[in-house]
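A.B. asks: Can you keep this structure in mind? I'll have questions shortly.
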Amino acid sequence: MTPYEELFENNKRWIETKTGTDADFFSELARDHNPDYLYIGCSDSRVTAEEIMGLGPGEAFIHRNIANLVNNVDLNVMSVLSYAINNLGVKHIIVCGHYNCGGVKAAMQPKDMGILNPWLRSIRDVYRLHKKELNAITDESKRYDRLVELNVQEQCVNVIKTAVVQLNYLRTGYPIVHGWVFDIHTGRIIDLNIDFENILENIKDIYNLTGKD
Ligand code: ZN
């Protein structure tokens, strides 16, 4: 059996495990889903969203792309945000980056990356915003780690800039935005303790889309 064919064997075993402990597992799963969490993470194969959080099917709405970016003109992530909030009613939005992120690393190289240029530009913009702090870090690997963290922080700000988040937060007190870094060396999730209320207050004079003060 080839490794590819094994995937179907794995699937059969997975079905047996699930129905073995809960005979109604799939009929329940097919009914509906209303997850509490929207997870926006990196596409990196080592950072598996549900597994690191200990969640199962139906518990998190997931969006992944290179370097967990929340780009204003990316119809994909904007649709995910809108659907997660307006249709699924998620209570928490998690932006999760990770150390050793290839996307962040690529953005630190002075090189033409072809089609990836506009995508990586968003990370270069994060660097520019925090250039003073980053350039003061002499150890290159520490600077790389810090850019990973600052990228998560800025993507959280990008989530907060959207009308769908602002309007729902005003109406219901949700969603709350969280920034995490997955430490690939230890498996630990580090909460960056993004001050959601404070960010909202700070960017309000420029990015307020609610029509209210
Ligand atoms: Zn990555």
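The values are calculated or read from the model by the stated rules, or taken from the named source; none is laboratory data. No experiment lies behind these values; they were computed from the predicted model shown. Please note: Cβ atoms are built from the backbone with ideal geometry, for glycine as well, and neighbour counts cover all protein chains shown.
A.B. asks: Select, from Gly58, Gly102, the only residue that is farther than 20 Å from Gly187 by Cβ, in contact (Cβ under 8 Å) with a residue 12 or more places away in the chain, surrounded by fewer than 17 Cβ atoms within 10 Å (Cβ to Cβ) and assigned by TED's automatic domain parsing to the domain that holds Asn193. Outline the logic, then answer.
C.D. replies: Numbers: Gly102 fails: farther than 20 Å from Gly187 by Cβ.
After applying the criteria, what remains is Gly58.
A.B. asks: Select from the range 62-109 the residues that are more than 14 Å from the chain's Cα centre (by Cα), near the ligand (Cβ under 9 Å from one of its atoms) and on the phi > 0 side of the Ramachandran plot and list them in ascending order.
C.D. replies: Asn100
A.B. asks: Is it the case that the range 52-75 has a residue that's part of a loop (DSSP other than H, G, I, E, B), polar (S, T, N, Q) and out of contact with any Ser or Thr (no Cβ under 9 Å at 6 or more places or on another chain)?
C.D. replies: Going through the range 52-75, the residues part of a loop (DSSP other than H, G, I, E, B) turn out to be 54-59, 66-74.
Keeping just the survivors that are polar (S, T, N, Q) gives 68, 71-72.
Those still in the list that are out of contact with any Ser or Thr (no Cβ under 9 Å at 6 or more places or on another chain) too: none.
So far as the range 52-75 goes, no, none of its residues is part of a loop (DSSP other than H, G, I, E, B), polar (S, T, N, Q) and out of contact with any Ser or Thr (no Cβ under 9 Å at 6 or more places or on another chain).
A.B. asks: What are the residue pairs meeting all of these: first residue in the range 15-35, first residue touching a residue at least 40 places away in the same chain (Cβ under 8 Å), second residue surrounded by 11 or more Cβ atoms within 10 Å (Cβ to Cβ) and among the charged types (D, E, K, R), Cβ atoms under 6 Å, and 6 or more apart or on different chains?
C.D. replies: Note: pairs meeting the criteria are Pro35/Glu59.
A.B. asks: Let me ask something else about it. If we scan the range 192-209, do we find a residue that is assigned to a loop (DSSP other than H, G, I, E, B) and modelled with pLDDT of 95 or more? Break it down into steps so the answer makes sense when it comes.
C.D. replies: Initially, the range 192-209 is screened for residues assigned to a loop (DSSP other than H, G, I, E, B), giving 192-195, 208-209.
If we keep only those that are modelled with pLDDT of 95 or more too, we end up with 192-193.
Checking the range 192-209: at least one residue is assigned to a loop (DSSP other than H, G, I, E, B) and modelled with pLDDT of 95 or more.
A.B. asks: If you don't mind, there's one more thing I want to ask. Among the residues of the range 9-32, are any at pLDDT 95 or above, in a loop (DSSP other than H, G, I, E, B) and not small (Gly, Ala, Ser)?
C.D. replies: Within the range 9-32 (the criterion being at pLDDT 95 or above, in a loop (DSSP other than H, G, I, E, B) and not small (Gly, Ala, Ser)), the answer is no, since none of the residues qualifies.
A.B. asks: Would you check which residues across the range 175-213 are touching a residue at least 40 places away in the same chain (Cβ under 8 Å), surrounded by fewer than 16 Cβ atoms within 10 Å (Cβ to Cβ) and under 20 Å from the mean Cα position of the chain (by Cα) and list them?
C.D. replies: Ile176, Asp183, Ile184, His185, Gly187, Ile189
A.B. asks: Is one or more of the residues making up the range 203-212 among the polar types (S, T, N, Q) and in the same structural domain as Tyr83 (by TED's automatic domain parsing)? It would help to see each step written out before you state the result.
C.D. replies: Filtering the range 203-212 down to residues among the polar types (S, T, N, Q) leaves 208, 210.
Retained after the next criterion (residues that are in the same structural domain as Tyr83 (by TED's automatic domain parsing)): none.
The answer is no; no qualifying residue exists.
A.B. asks: Run Asn87 past the list (1) loosely packed, with under 11 Cβ neighbours inside 10 Å; (2) within 30 Å of Leu147 (Cβ to Cβ) and report the number of the one that doesn't hold.
C.D. replies: (2)
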